[in-house]
Amino acid sequence: DAHLESVRDVERQLDAAMDGAGCEAPPLEDRFDPLAGQSYEAVSRLQLELTALAFACDATRVMAMFYSGGTSQQTFPWLRIREQHHQLSHEPDGNREAQRKLTAINAWYAGEVARFAARLASIPEGDGTLLDHTIVFWGNELAKGNAHSRDDMRLLLAGGRAAGIRPGRWLWCDHRPHNDLLVSLGRGMGLDLERFGHADFCTGPIAELGIA
């Protein structure tokens, strides 16, 4: 019942966005366009809510949320940022205004991840919550946009207690390829993996994570 009511709540949000709250359809310019730049935040939250519901009823075990692309032309008007993300990411380090805006953009993405984790934590499952039985992985294909660097990439994990992950830590992995992290995540989901991707970039699972 709780699951069905949650799904209905998402439907109501979509109905309100698409057709307005009253009996008459709103003017066309007020309709909800999921591909429009200004809809980015609303689409993010609806997609993450649907994902949480799909996990809760075991409709799927894995989800990938791809926010735009590596050359994203997305703007962030709700953050008062009109420049395109990709354009900002190529500004030099000395451009303090660009760095401020990039920090605000990354803080917004972090907030979306936190919102999703909190939603999973609000759903009881087994001996804990849905977050305990889910591994949330947030990453980026580059560590630094203006240099196209892949060194010292910051990657975030949330949840995963049931897989042995102990949260609330910062781990320095000494330049190990991120393929090793993906091997560990696969093992956390019950797969017997020794490598993920190209063999030259695999040295084995990351023992410090605590995943068997």
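The values are calculated or read from the model by the stated rules, or taken from the named source; none is laboratory data. Not measured: the values here are computed from a predicted model. A quick note on method: Cβ atoms are made from the backbone with ideal geometry, for glycine too, and the neighbour counts reach across all protein chains shown. What goes into the accessible areas is simple: the full protein's heavy atoms, side chains included, and nothing from ligands, DNA or RNA. Shrake-Rupley method; radii C 1.70, N 1.55, O 1.52, S 1.80 Å.
Just a few scattered comments:
- So Q73, is it at pLDDT 90 or above, open to solvent by 70 Å² or more (accessible area, probe 1.4 Å) and part of a helix (DSSP H, G or I): no
- Residues in the stretch 154-174 that are farther than 17 Å from D93 by Cβ, in a loop (DSSP other than H, G, I, E, B) and open to solvent by 70 Å² or more (accessible area, probe 1.4 Å): R166, G168, R169, W170, W172, D174.
- In the stretch 99-126, the residues that are closer than 15 Å to Y40 by Cα form Cβ pairs under 9 Å with partners that are charged (D, E, K, R), at six or more places apart or across chains, as follows: W108/E41; E112/E41; E112/R45.
- The numbered conditions (1) in contact with an Asp or Glu (Cβ under 6 Å, 6 or more places away or on another chain); (2) open to solvent by 50 Å² or more (accessible area, probe 1.4 Å) are all true for S44 except (2).
- Residues of the stretch 53-70 that turn out to be surrounded by 11 or more Cβ atoms within 10 Å (Cβ to Cβ) and part of a loop (DSSP other than H, G, I, E, B), as a count: 8
- Options D151, D200: the member that is open to solvent by 70 Å² or more (accessible area, probe 1.4 Å), of a type in the set (D, E) and outside any loop (DSSP other than H, G, I, E, B): D200
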